[in-house]
1. Answer yes if at least one residue in segment 139-151 is at positive phi and at pLDDT below 95, and no otherwise.
2. Could you list all residues from segment 156-184 that are in a helix (DSSP H, G or I), in contact with a Pro (Cβ under 8 Å, 6 or more places away or on another chain) and among the aliphatic types (A, V, I, L, M)?
3. Name the single residue, out of those in segment 28-80 being open to solvent by 40 Å² or more (accessible area, probe 1.4 Å) and near the ligand (Cβ under 10 Å from one of its atoms), that is farthest from residue 221 (Cα to Cα).
4. Give the residues of segment 83-117 that are more than 19 Å from the chain's Cα centre (by Cα), touching a residue at least 24 places away in the same chain (Cβ under 8 Å) and over 19 Å from residue 62 (Cβ atoms), sorted by residue number.
5. Would you check if residue 276 is within 23 Å of residue 44 (Cα to Cα) and of a type in the set (Ser, Thr, Tyr)?
6. When you go through (1) buried (at least 18 other Cβ atoms within 10 Å of the Cβ); (2) at pLDDT 95 or above one by one for residue 134, which number turns out not to apply?
7. For segment 104-131, give me each residue that is among the charged types (D, E, K, R), closer than 21 Å to residue 91 by Cβ and surrounded by fewer than 22 Cβ atoms within 10 Å (Cβ to Cβ).
8. Those residues that are open to solvent by 60 Å² or more (accessible area, probe 1.4 Å) and more than 16 Å from the ligand (Cβ to nearest atom), I need them from segment 265-298; list them, please.
Amino acid sequence: MATRRTFLADTAVALGALAMVPGGLLAAGRADPLTRAIPATGERLPIIGLGSSATFAQAAAGGDFDALRTVLQRLAESGGRVFDTAPGYGAAEAVAGGLVRELGIANRLFWATKLNVAPRGGRADPEAARRQLDASFERVGKSPIDLVQVHNMGDLDTQLPILREARQDGRIRHIGATTTFATQYESLEQAMRERSLDFIGTNYAIDDREAEKTFLPLAAERGIAVLAYAPFGRTRLWSRVAGHALPDWAAEFGAQTWGQFFLKFVASHPAVTAITPATRRLANLEDNLAAGFGPLPDADLRRRMIALIDALPQ
Ligand SMILES: NC(=O)c1ccc[n+]([C@@H]2O[C@H](COP(=O)([O-])OP(=O)(O)OC[C@H]3O[C@@H](n4cnc5c(N)ncnc54)[C@H](OP(=O)(O)O)[C@@H]3O)[C@@H](O)[C@H]2O)c1
């Protein structure tokens, strides 16, 4: 298991080796994306991935498959890997699974899905949970699935052993638990301390830094990978910066857009393994992927970034 020290050293080496990469080089594929290691296995993941709730799920529900096909194809072509979905995201998992099979890119992606069946009398029905997991395998068309996490801290006592068993059988490569609800933070912290998790998924953004207090240091200490969710707070950060120009000093860490500013902030925390911004638009995917190249802000710049955003109206 990685210690906090090795984890930070690993990140420092990775960051130190990278120089600023203009968009042209990115498009030409002549630069390597920033990657982070999964502490449990050492496998490296590009730091920018793709989420699939929000607008992606809306597009899936609305039948806008061309847009999603384009986005998934570009993710794979660019070497991006982490794709985060869930049976709970409406049609997103089924539509993405179908498109990924059609494109033949299932094995290029690091497919992260979730498990959570509605509890009855406080407990999840284990047979229903197994059926939901089997349905994910059918939708994804990939075995093993790279990561399955218990969604929103749903009955870990029942569902984590099912995932552990599937990992032991070689059907799943990593397991974990997620939440973005403050009411569940204490139980996620407890699970990180008491259970064997390869990953957690939680919200972390420049104006939503609660994760820095416990989850991120604890993940580094216990060798747990972190998927950073909602790096834009969905629409929250876009509303806050609307009408405001990006400061000139964002160029010091290679951010050319607000999206890259927000993502590079999240990426600069060494305990973050990958970030999964959701989009259904190619231009926004390209923008987000560009944040995964070049320098990241240091501690002084991070403080300056926070002060700038904190000063904007909520
Ligand atoms: N408990 C959980 O397991 C949990 C909870 C929350 C989130 N998540 C995961 O994390 C992912 C990300 O979180 P999120 O979907 O809540 O929100 P988010 O990624 O913070 O924000 C998505 C929004 O930002 C827009 N956007 C994306 N890139 C942009 C860019 N470069 N410029 C301008 N706008 C941009 C998207 O619209 P466009 O489509 O127009 O680009 C969409 O409206 C989810 O999709 C999900 O996979 C998991």
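The values are calculated or read from the model by the stated rules, or taken from the named source; none is laboratory data. No experiment lies behind these values; they were computed from the predicted model shown. Backbone-built Cβ (ideal geometry, glycine too); neighbour counts: all protein chains shown. To get the accessible areas, we keep the full protein, side chains included, count just its heavy atoms, and leave off ligands, DNA and RNA. Shrake-Rupley method; radii C 1.70, N 1.55, O 1.52, S 1.80 Å.
1. Kept after step one, since they are at positive phi, are these residues of segment 139-151: 141.
Going one step further and asking which of them are at pLDDT below 95, we end up with 141.
Scanning segment 139-151, I find at least one residue that is at positive phi and at pLDDT below 95, so the answer is yes.
2. Residue satisfying the conditions is 162 alone.
3. 58
4. 101, 103, 117
5. On the way: within 23 Å of residue 44 (Cα to Cα): yes; of a type in the set (Ser, Thr, Tyr): yes.
For residue 276, the condition - within 23 Å of residue 44 (Cα to Cα) and of a type in the set (Ser, Thr, Tyr) - is met.
6. (1)
7. Keep residues of segment 104-131 that are among the charged types (D, E, K, R), which gives 108, 114, 120, 123, 125, 127, 130-131.
With the extra rule that they be closer than 21 Å to residue 91 by Cβ, the set shrinks to 114, 131.
131 - this is the single residue of segment 104-131 that is among the charged types (D, E, K, R), closer than 21 Å to residue 91 by Cβ and surrounded by fewer than 22 Cβ atoms within 10 Å (Cβ to Cβ).
8. Within segment 265-298, just 298 meets the criteria.
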